[in-house]
Amino acid sequence: AHPARGALDRFLTDFAADLQSDTDTRGRVENLKREVLGRGEVQDIIASAWSSVRQMIVSAAEDERSELRLRVRASLLSLGQRMSTEPSLQSKIDGWVEDAAVYVVTTYRDEITSLITDTVASWDPEHTTRKIEAHIGRDLQFIRINGTVVGSLAGLVIYTVSRALGA
């Protein structure tokens, strides 16, 4: 009930209203914000605070018994459980993943293409062939045989049709 408290409340209420409706007030606040944030001392404080927060997060993430790690684990398990039982949540997350994939592909198409092209170009053909054959093995042989049979049949059909049409 102190008069100073009432004056402060009125000032803050008026200031909030001015921020919403008065472009001059918004401009002065933006200029003040830029001026304060542009100072080297403030940048040093922000960098130091971020470094400290980052180090705390990394330390907590590395500690298997930290509250952060326990809560993240519990949250992920809860999300997984909900996703397995709630079709609406499954659909929503599917949409998010699809939207994210479309965004990444459309935004970074050239970089992705370049990465794949450069990576494949750097592979040693003999080593890569051995690896593929070792991991795929029988399936690769099946694919080769099927490709040969299907290709032969397609060639036979094309030859027969072209001969029947007199080409």
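Do the conditions hold for residue 124, that is, is it open to solvent by less than 90 Å² (accessible area, probe 1.4 Å) and at pLDDT below 95?
Values: open to solvent by less than 90 Å² (accessible area, probe 1.4 Å): yes; at pLDDT below 95: yes.
When the stated conditions are applied, residue 124 passes them.
Quick one: is residue 37 aliphatic (A, V, I, L, M) and open to solvent by 90 Å² or more (accessible area, probe 1.4 Å)? When the stated conditions are applied, residue 37 does not pass them. Just one of the numbered conditions (1) open to solvent by 80 Å² or more (accessible area, probe 1.4 Å); (2) more than 30 Å from residue 142 (Cα to Cα) is not true of residue 118: (2).
Cβ separations smaller than 7 Å between residues 6+ apart or across chains give the following pairs from the stretch 51-71 residues that are free of Cβ contacts under 8 Å to residues at least 24 places away in the same chain and polar (S, T, N, Q) to residues that are part of a helix (DSSP H, G or I) and surrounded by 12 or more Cβ atoms within 10 Å (Cβ to Cβ): 66/60.
Could you please let me know if residue 74 is modelled with pLDDT of 95 or more and open to solvent by less than 90 Å² (accessible area, probe 1.4 Å)?
Details: modelled with pLDDT of 95 or more: yes; open to solvent by less than 90 Å² (accessible area, probe 1.4 Å): yes.
It is true that residue 74 is modelled with pLDDT of 95 or more and open to solvent by less than 90 Å² (accessible area, probe 1.4 Å).
The values are calculated or read from the model by the stated rules, or taken from the named source; none is laboratory data. Just so we're clear, the structure is a prediction, and the values are computed from it rather than from any experiment. Glycine also receives a Cβ, built like all others from the backbone with ideal geometry; neighbour counts cover every protein chain displayed. Accessible surface areas use protein heavy atoms only, side chains included; no ligands, DNA or RNA. Shrake-Rupley method; radii C 1.70, N 1.55, O 1.52, S 1.80 Å.
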